[in-house]
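First up is the structure itself, then whatever we jot down about it.
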Amino acid sequence: MTQDYSDSLNRTPNMHPEALRPDPERESGEPPFPKMKYCTRCCMPETSEAIGFDELGICHACRSSEQKMRINWAERQKSLAKILDDAKAKAGNNYDCVVPISGGKDSAFQLHILVKVFGLTPLAVTFSHNWFTETGKHNLATILDKLEVDHMMYTPNRGLVNKLARKSLPMIGDSCWHCHAGVWSYPFHVACKFKIPLIIYGESPAEFSGRTTYWEQDLGEKKDFVKTGLRESIKVPAEKMVGDGVSRQELNLFFPPSEEELVEAGIYGVFLGDFVFWDHERQTEFLVDEYGWREDKVEGSYKWYKSVECKMAGVHDYAKYIKRGFGRGTDFASQDVRAGLMTREEAFDLAAQVDAERPEMLDYYLEITGYSEEEFYRILKEKRDDKGKDVLG
C-alpha cells in the first residue's frame with residue numbers, strides 16, 4: 001500500500017524564504033537536523049511530544065512494534081469479546097456502543113470489526129471539522145451505508161471554525177484546535193445524552209504515538225481513561241477559547257461533559273487496537289477491496305490514506321514541522337523502517353523532502369484567518385519549546 005515516493009526524492013520542495021530547512025550540508029542518509037537526538041532505530045526525534053527513549057536510545061513506538069509480535073492477540077480478543085458481550089447484555093433496546101467515526105481508514109475498519117465480527121449495533125458519531133474532502137465524504141457515506149449503521153454528526157458553522165482556526169495557532173501551535181477538542185468532546189456528549197456507556201475508539205495509544213508501549217498499559221483502567229484522560233486529551237480547554245468574538249454558547253459542545261455526568265451515565269471507553277492486531281497497510285487494502293474505500297493524495301505525506309478526509313491535513317503537519325522539526329513524512333518513514341520496508345537512511349532522505357514541502361492549502365488557511373505567511377512562521381517559531389529552540393533555533 002506504500003505509495004511510490006521517488007518523485008519526492010527527485011525534486012526541490014516548494015518552500016517559503018522563512019521556512020525551516022534541513023541542514024544544507026547533510027549527507028544522504030543523515031538526519032535533517034544534526035543537533036537533534038533521534039531514535040537509534042527509526043527517525044523519530046526528541047522534539048516529538050511525550051516521546052521516551054530507553055537505555056539504548058530506542059523510542060517507545062519501536063519497542064511497541066516489537067511487543068506486538070509477542071502478544072497473544074487471540075487471548076486479547078477473548079477479553080474484548082467479554083467486554084462487548086457485557087455491553088450488549090446491558091444495552092437492552094439501546095445501542096450497544098458509541099463509535100466515533102470520521103470515515104478515515106481507522107474508524108472505518110473499527111466499524112467493520114464491531115458490526116461484522118462481533119455483531120454489535122453501534123451508534124456512529126462524527127465530529128465534522130467542516131474541512132471534508134470529496135473523498136472523505138464518499139468514504140464516510142459508503143461505510144455507513146454498506147454496514148447499515150445509524151449515524152449522528154455535529155458540524156460547527158464555518159464562521160466559528162474560521163475564528164477558532166485563527167485562535168488555534170497561537171494557542172497550540174496548530175491550525176486544528178477545534179478538531180482536537182471536538183473529537184474528544186462531542187462523542188461523550190452523545191453517550192451521556194442517550195445513556196450509552198461504552199465508547200470505542202480505534203488505534204491504540206501504544207501504536208506509534210510514542211506515549212506508551214503495549215506492555216506498559218493496564219487494560220483494566222478504562223474508567224479512569226474516561227474520567228481523567230478525556231480532559232487531558234484536550235490540551236487547551238474550551239474556556240480559553242472564549243473571547244475575541246467567540247462566545248461560551250457557541251462552544252457548548254466543545255466543553256466535555258463533567259466528571260459527574262460521565263459517572264452518572266456510567267461511561268467507559270476502550271481502544272480496539274489494544275485488543276486487535278493493528279496493521280495500517282493491510283487494513284487499508286481490505287477497506288479498498290471490500291467497501292470501495294478510496295485513497296487520494298494527501299499533502300505532507302507520501303501515503304494516500306491517512307487523513308484523506310481532511311483538506312487541512314497538510315497544514316496541520318507542516319505546522320508541526322516548523323514547530324518541532326518533523327512532519328508526517330517522518331511519522332510514516334519511521335513506521336516503514338519498523339516494518340522493514342526501507343532502511344533508516346532511506347527514511348531520513350524521504351522525510352527531509354516530504355516534511356519541508358509547503359502545502360498549497362496554507363493559502364486557504366491564511367485567507368480564512370487573516371494571517372500573513374510571515375506571521376504564520378513567526379508564531380510557530382515562538383511556540384517551540386526549550387528543546388525545539390536548542391536544536392532548531
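The values are calculated or read from the model by the stated rules, or taken from the named source; none is laboratory data. If you're wondering where the values come from, they're calculated on a predicted model, not measured in any experiment. Reconstructed Cβ throughout: ideal geometry from the backbone, glycine too, with neighbour counts over all protein chains shown.
Here is how the numbers come out for the structure above:
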| item | result |
| --- | --- |
| Search result, residues across the stretch 285-306 that are closer than 27 Å to Leu164 by Cα, touching a Lys or Arg at 6+ places or on another chain (Cβ under 8 Å) and surrounded by fewer than 23 Cβ atoms within 10 Å (Cβ to Cβ) | Lys306 |
| Qualifying residue in the stretch 78-101 (condition: over 23 Å from the mean Cα position of the chain (by Cα), more than 18 Å from Pro197 (Cβ to Cβ) and modelled with pLDDT under 95) | yes |
| Within the stretch 172-186, tally of residues that are buried (at least 22 other Cβ atoms within 10 Å of the Cβ), within 12 Å of the chain's Cα centre (by Cα) and of a type in the set (Phe, Trp, Tyr) | 0 |
| Residue in the stretch 294-314 that is more than 25 Å from His129 (Cβ to Cβ), of a type outside the set (Lys, Arg) and either at pLDDT 95 or above or in contact with a Cys (Cβ under 9 Å, 6 or more places away or on another chain) (or both) present | no |
| Residue within the stretch 62-82 that is small (Gly, Ala, Ser), surrounded by fewer than 18 Cβ atoms within 10 Å (Cβ to Cβ) and closer than 24 Å to Ile143 by Cα present | yes |
| Checklist (1) modelled with pLDDT under 90; (2) surrounded by fewer than 16 Cβ atoms within 10 Å (Cβ to Cβ); (3) under 30 Å from Trp304 (Cβ atoms) applied to Glu25, failing item | (3) |
| Positions within the stretch 136-145 being of a type in the set (Val, Ile, Thr) and either assigned to a loop (DSSP other than H, G, I, E, B) or surrounded by 19 or more Cβ atoms within 10 Å (Cβ to Cβ) (or both), in sequence order | Ile143 |
| Criterion violated by Ser48 - all others in (1) closer than 24 Å to Val308 by Cβ; (2) of a type in the set (Ser, Thr, Tyr); (3) part of a helix (DSSP H, G or I) satisfied | (3) |
| Residue among Leu169, Leu230 that is aliphatic (A, V, I, L, M), surrounded by 14 or more Cβ atoms within 10 Å (Cβ to Cβ) and either modelled with pLDDT of 95 or more or assigned to a loop (DSSP other than H, G, I, E, B) (or both) | Leu169 |
| Unmet requirement for Ala356, which otherwise passes all of (1) farther than 12 Å from Glu299 by Cβ; (2) modelled with pLDDT of 95 or more; (3) surrounded by fewer than 23 Cβ atoms within 10 Å (Cβ to Cβ) | (2) |
| Hey, Ile200 under 25 Å from Trp278 (Cα atoms), among the hydrophobic types (A, V, I, L, M, F, W, C) and part of a helix (DSSP H, G or I) or not | no |
| Filter result for Val115 (surrounded by 24 or more Cβ atoms within 10 Å (Cβ to Cβ), more than 18 Å from the chain's Cα centre (by Cα) and either modelled with pLDDT of 95 or more or of a type in the set (A, V, I, L, M) (or both)) | no |
| Pair list, Cβ < 8 Å and 6+ apart or interchain, from the stretch 350-374 residues that are closer than 29 Å to Cys43 by Cβ to residues that are outside any helix (DSSP H, G or I) and among the acidic types (Asp, Glu) | Glu357/Glu299; Pro359/Glu299; Glu360/Glu299; Met361/Glu299; Glu373/Glu18 |
| Gly370 vs. criteria over 30 Å from Asp279 (Cα atoms), out of contact with any His (no Cβ under 6 Å at 6 or more places or on another chain) and either modelled with pLDDT under 95 or of a type in the set (Phe, Trp, Tyr) (or both) | no |
| Unmet requirement for Val183, which otherwise passes all of (1) modelled with pLDDT of 95 or more; (2) hydrophobic (A, V, I, L, M, F, W, C); (3) assigned to a helix (DSSP H, G or I) | (1) |
| Helices (runs of 4 or more DSSP H) lying entirely in the stretch 268-367 (those with 1 or more residues that are of a type in the set (Gly, Ala, Ser)) | 313-324, 328-338, 344-355 |
| Subset of the stretch 343-353 (residues that are surrounded by fewer than 17 Cβ atoms within 10 Å (Cβ to Cβ) and in contact with a helix residue (DSSP H, G or I) (Cβ under 8 Å, 6 or more places away or on another chain)) | Thr343 |
| Meets criteria (of a type in the set (A, V, I, L, M), crowded, with 17+ Cβ neighbours inside 10 Å and part of a helix (DSSP H, G or I)) for Leu20 | no |
